[in-house]
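In what follows, a single structure is set out as structure tokens and then discussed.
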């Protein structure tokens with residue numbers, strides 16, 4: 001995901017032109033209504049009906065133009081968080097693998113130490129100390145913090 005190019009979620013081409021045209025037309029109708037206050041009530045009623053219909057479309061177009069900018073920012077932030085999470089997951093996967101290796105070594109060493117305690121191997125404390133030193137060295141190599 002980190003190697004993918006950021007998608008550009010914006011209005012372009014004919015879509016942007018249409019959105020701008022609708023908004024500009026709505027603004028021109030508002031200006032016309034302001035300049036023609038002397039029109040009859042019938043003409044005003046008709047123009048207000050057209051204006052109300054165009055207003056809904058104009059607000060949708062303005063929302064699309066501004067919404068894509070907000071959405072683009074959110075997508076960018078989400079991609080950043082996803083990249084960070086992937087990096088953390090890789091680091092955690094390595095630590096988990098190291099932990100499994102250390103656990104396996106401890107289990108194997110524990111079996112050997114239990115034999116020493118039972119008297120199966122006759123080296124005594126030297127064997128125990130050597131096994132624990134080996135485990136400590138393995139832990140330092142696997143987790144070099």
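What to note about this one:
- The range 81-99-the range 30-76 distance, computed between alpha-carbon centres (Å): 51 Å
- Of the peptides 15-23, 91-99, the order by per-residue mean of other Cβ atoms within 10 Å, starting with the highest, comes out as 15-23, 91-99.
- Sites residue 55 and residue 14 - FRET efficiency at Förster radius 30 Å, r taken between beta-carbons, to 0.05: 0.85
- Gain in span if fully extended, residue 142 to residue 97, counting 0.36 nm per residue against the direct Cα distance: 15.3 nm
Bear in mind these aren't lab numbers, they're just calculated from the coordinates by the rules spelled out. Quick caveat: nothing in here was measured; it's all calculated off a predicted structure. Virtual Cβ from ideal backbone geometry, glycine too; neighbours counted across all protein chains shown.
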